[in-house]
Amino acid sequence: MLYDLRRSDARVRWLVTLLLATLGVAYVFGAWMVGMYAGFTPRSVAATYVEPSMMNMSMPAETTTVVEHDVTLEDMGHEEQHQVDRALLIQDTHVHVPMYGVIAALLSIVALGLAIPRWMGFALITLLFAAPWLDFMGMWLTKLASPRFAIVTLAGGWAMGLGYTIVAALAFWQMWRPEKGAQQ
Amino acid sequence: MRILILGAAAAALLHITPTVTLVDRSEVVARLLQGADRFTAREVHLSSSDERRLHDAAGWTPPDDVITFYLGKRADQVDGVLVFMRVDSPHGPLEVAVGFDKAGAIRGVEVTKATVETKPWIVEALRAGLTSQYRGTAANAPSAAATTVKGKVGMMAEYMAELIDRGVAHAGASYRLFYR
């Protein structure tokens, strides 16, 4: 194959390095944001995406009901669990999926330049695209089918991190390993 | 490649930025339910017919068919009512707190949450005196404070003011139909 990052022009390697570094920063802050709003446990992810009707809230169809209970000032100031309703999830899916596709494509282009077996290339590209699919599939299944599918979203998130880590580690190693620099 | 770059730029532009807290809820409670010594949460779970009634009145239904009114009581008498309203926009959600006095007039309006992107626009609208326009108006009065800042602020701040108006209108309709 003509495209090989190990033998590529230094400018190409520099571009790939900066791209991976930038995506890495984005992933770190993405994980931070997920930690703030949805959490990393199946329970907290389920609480973020599940439909309220699945959470022990029997909604009377024909009668409006009123429930009153005393609250403290602290209770009222307490931030509720961030929830993503169906409208927001539609919007999130619409804006995130194209961006995830572009990121997976960019990482796949980097992966194509790695000196790895053909099957591993296929597996890596599949992982890069499967991760966001799992992520959003999990969110929708949690909302529409069962809170148990929160685990799929978590799997998607970890798969995204794993895919990036594999591509970045192999690319950095193959592009900048010391002996290569010494040869030049 | 050009399509790829344009796609990335479009996705970046459409991306909703994280939520930021402009004012803590506890501070808002202290201001809009000032003097209350006891608080009660009244959760109104709407039936489908009441949901339609609210939709006809305000063009809106609450996300989970539940409206929560926070009642501030003094000597066991309701002294004021507070409701938090989320308003969605393509730039992300914002949250408006609307406090009513015991006569049903608006005691105050505060924007509690915005997004990183919308915060400067909202702050601009607030600095132009948007929220002071609501004070003393009746729950059934049309929310038109946004028109008072028109021309004094930028285009996006005007848009944010319209969203805040919308939140106040939703709160007013909820209060009028399901609290009083």
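The values are calculated or read from the model by the stated rules, or taken from the named source; none is laboratory data. Just so you know, these numbers come straight off a predicted model, no measurement behind them. In this analysis, Cβ positions are derived from the backbone assuming ideal geometry, glycine residues included, and neighbour counts consider all displayed protein chains.
If you go through the range B:13-42 and keep only what is modelled with pLDDT under 65 and either surrounded by 16 or more Cβ atoms within 10 Å (Cβ to Cβ) or within 7 Å of chain A (Cβ to nearest Cβ) (or both), you end up with B:14, B:15, B:16.
Is at least one residue of the range B:130-153 in contact with a Ser or Thr (Cβ under 6 Å, 6 or more places away or on another chain) and buried (at least 21 other Cβ atoms within 10 Å of the Cβ)? Steps first, answer last, please.
So in the range B:130-153, the residues in contact with a Ser or Thr (Cβ under 6 Å, 6 or more places away or on another chain) come out as B:133.
Then drop every residue that is not buried (at least 21 other Cβ atoms within 10 Å of the Cβ), which leaves B:133.
Checked the range B:130-153: at least one residue is in contact with a Ser or Thr (Cβ under 6 Å, 6 or more places away or on another chain) and buried (at least 21 other Cβ atoms within 10 Å of the Cβ).
Of all the criteria given as (1) closer than 23 Å to residue A:108 by Cβ; (2) polar (S, T, N, Q); (3) modelled with pLDDT under 85, the one not satisfied by residue A:48 is (1).
Residues in the range B:43-60 that are more than 11 Å from every other protein chain (Cβ to nearest Cβ), surrounded by 14 or more Cβ atoms within 10 Å (Cβ to Cβ) and not in a helix (DSSP H, G or I): B:60 only. The residues of the range A:82-134 that are away from chain B (no Cβ under 13 Å) and either closer than 21 Å to residue A:36 by Cα or of a type in the set (S, T, N, Q) (or both), listed by number, are A:126, A:131, A:134.
The set of residues from the range B:61-88 being within 13 Å of the chain's Cα centre (by Cα), part of a loop (DSSP other than H, G, I, E, B) and not charged (D, E, K, R) comprises just one member, B:62.
Could you say which residue among B:113, B:152 is within 13 Å of chain A (Cβ to nearest Cβ) and either among the charged types (D, E, K, R) or under 15 Å from the mean Cα position of the chain (by Cα) (or both)? So that I can check it myself, show each step before the final result.
Values: B:152 fails: within 13 Å of chain A (Cβ to nearest Cβ).
Selected residue: B:113, the only one of B:113, B:152 that is within 13 Å of chain A (Cβ to nearest Cβ) and either among the charged types (D, E, K, R) or under 15 Å from the mean Cα position of the chain (by Cα) (or both).
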